[in-house]
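Any read-out appearing in this document is the output of simple, stated calculations on the displayed coordinates, not a laboratory observation. Remember, predicted model here, so these are calculated numbers, not experimental data. Neighbour counts are summed over all protein chains in view; Cβ atoms, including those assigned to glycine, are modelled from backbone coordinates with ideal geometry.
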Amino acid sequence: MLISDSSPYVGIFHVGPFTESQFALLVAAGLVLVFGVVAVGRSWREARVARGAGQTNAPAVLPIIAVTVLIELTLGAIFAATLLI
């Protein structure tokens, strides 16, 4: 399928009113969100275990949250810009 094709289908999936690039941005945002949540959960568990064992070098959770939110905001801004064009 060519990028210039105005069909609302990508392969076998109906993507509705979105273009292929907008749909790709939505998928990317979803993947970033899932990987961010998984990374935060893993770090959170490791930090709890480290605190329970009396270790002071527990992994930081806040930077992972900050990076995930920053990426989501960037993808959201790009998506909003593509809607305005």
> Using 7 Å Cα-to-Cβ label points, what is the ALA81/LEU62 separation (nm, one decimal)?
Replying inline: 3.0
> Cα-based Rg of the range 19-84 per 2.2 N^0.38 Å, rounded to two decimals?
Replying inline: 1.47
> What does the charge add up to near VAL61, with Lys and Arg as +1, Asp and Glu as -1, over the other residues with Cβ less than 15 Å from its Cβ?
Replying inline: +3
> Say each of ALA39 and ARG51 gets a label point 7 Å from the Cα, pointing the same way as Cα to Cβ; how far apart are those two points in nm?
Replying inline: 2.1
